[in-house]
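Data first, discussion second: the structure below is written as structure tokens.
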DNA sequence: CCGAATCCATATGGATACTG
DNA sequence: CAGTATCCATATGGATTCGG
């Protein structure tokens, strides 16, 4: 069995920081999907309307943008304001929570940029060491 | 795929940090999937053997552990050492690159833990403000 | 203009059996 | 013990259509 020090042994044999029904997974699932992070970053400069977002992201379908925004809104990362006009106007912007998330995300993005060469090199190396 | 005809000038506006064929997406796809991050965190304390990882993660199948490790190895985040013994023994450990990734990841995990209540509250709020 | 509903293709994850 | 191969279920993403 596992004797992980920082893990209080539960009756079941679960051992890790990321147990299954896990808040951390919640977050990572959100930034890990295809569009959420992109939407958040697009909203960083300021408020955007629906089709404005669509144009800026450019290759996102209405459907996915709609779904993504709804999820982000549910999680309190983005706020939605609908103006009762004709034609309708809906504006989206980052909440403070959403903005605060962009800080650690930026660190990750920075890592990615900085270490991209290393990752690519590793991939090349892998291909060449092939006896597989 | 991209190259939309009615696309306004992307170049002059906020340059999208995440263009489509994107190194950042590469990384996020890796930590965004079901198991990679969990494996990396499990390896943080030190070297682990294959079935040792399986037991610690507990609910991962051999298949997914194998796939995940191979990907992490390809990307240079994890190193694999096979000992020519009978029965075979294979050890995995974080590379320096893998360890360096855990730093920004830790920031994200910290954010998740810290703001989980806020996210849950937002979800509750959403349920109540919704139609019905 | 905003976005929900429908329908569909593919990607991802898993159970199991098999191999060296 | 450490995987790989096969087969299958579901999740995710997208094109199109419809409606407020």
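The figures follow:
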read-out: Length-normalised contact order for the stretch B:31-132 - Cα pairs under 8 Å, 6+ apart - percent; value: 26
read-out: Cβ neighbours within 10 Å from other chains - mean over B:70-79; value: 3
read-out: Separation in nanometres of the label points that stand 7 Å from Cα toward Cβ, at residue A:118 and residue B:124; value: 4.2
read-out: Nearest-first distances (nm) between copies at residue B:26, label 7 Å from Cα via Cβ; value: 3.3
read-out: Space enclosed by the convex hull of the alpha-carbon atoms of the stretch A:11-129, per residue, Å³; value: 173
read-out: P(r) weight above 19 Å for the stretch A:67-132, C-alpha pairs, percent; value: 60
read-out: Ranked list, fewest to most other Cβ atoms within 10 Å of each Cβ, for A:70, A:127; value: A:127, A:70
read-out: Label geometry 7 Å along the beta-carbon vector: residue A:61 inter-copy distances in nm; value: 2.7
read-out: Inter-copy label distances at residue A:80 (7 Å, Cα→Cβ; nm, one decimal); value: 4.4
read-out: For B:38-44, mean number of other protein chain Cβ atoms within 10 Å; value: 3
read-out: Potential extension, residue A:83-residue A:47 segment - 0.36 nm per residue separation minus Cα distance; value: 11.6 nm
read-out: Convex hull per residue volume in Å³, alpha carbons only, for the stretch B:22-64; value: 76
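Read-outs throughout are calculated quantities, based only on the coordinates presented, and are distinct from any laboratory measurement. Note that this is a predicted model, so its numbers are computed, not measured. Counting neighbours? That spans all protein chains shown, and the Cβs are built from the backbone with ideal geometry, glycine included.
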